[in-house]
Amino acid sequence: MKTQWKAMILAALAVALAGMAQAGSVETTAPVVVKTSPVAGSKDVDPAVAEVVITFSKPMMDGSWSWVRWDEGEFPEGAGKPKYLADRKTCVLPVKLQPGKFYALWLNTEKFRNFKDAGQRPAVPYLLTFQTKAAK
């Protein structure tokens, strides 16, 4: 698993560097994740949270996403279909979280690149991790 993780990080860096090589403006570079809810790295997420919300740096193609499993047991259980909000920068994944559990999910990878902006540029891969509070 560590080898796969390292390969994905290197792929993400390669995509980011490629985007920088053809840089010039926000419009011409790959979209990036600018905000997540739960906040990436959080260790005390309420298991009652019903959505994973991702905000990108620019408007994205509707109906196109790659919510990718890092590991089967660490991907949130789905509770509906993903959707973009009206701003087309924010994508919402309905989920059912469990208490005291670590979650990890990729938003795009080297292989799965369907989070794309309106110009069909794939977003830079992003690994979102968080942990829910233990049951009381």
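None of the figures in this text is laboratory data; all of them are computed from the coordinates on show. Note that the coordinates shown come from a computational prediction; the quantities given were computed from them, not determined experimentally. Please note: Cβ atoms are built from the backbone with ideal geometry, for glycine as well, and neighbour counts cover all protein chains shown.
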Count of the stretch 51-80 residues which are in a loop (DSSP other than H, G, I, E, B) and surrounded by 14 or more Cβ atoms within 10 Å (Cβ to Cβ): 10
Filter result for the condition that a residue is of a type in the set (Gly, Ala, Ser) and in contact (Cβ under 8 Å) with a residue 60 or more places away in the chain, over SER57, SER64, SER42: SER42
Taking the stated definitions as given, is GLU74 within 22 Å of ASP44 (Cβ to Cβ) and touching a residue at least 12 places away in the same chain (Cβ under 8 Å)? yes
Exclusive hit being surrounded by fewer than 16 Cβ atoms within 10 Å (Cβ to Cβ), in contact with a Cys (Cβ under 9 Å, 6 or more places away or on another chain) and more than 20 Å from ALA30 (Cα to Cα), set LYS136, LYS83, LYS96: LYS83
Which of the residues belonging to the stretch 94-131 are under 10 Å from the mean Cα position of the chain (by Cα), in contact (Cβ under 8 Å) with a residue 40 or more places away in the chain and outside any loop (DSSP other than H, G, I, E, B)? LEU105, TRP106, LEU107, TYR126, LEU127, LEU128, THR129
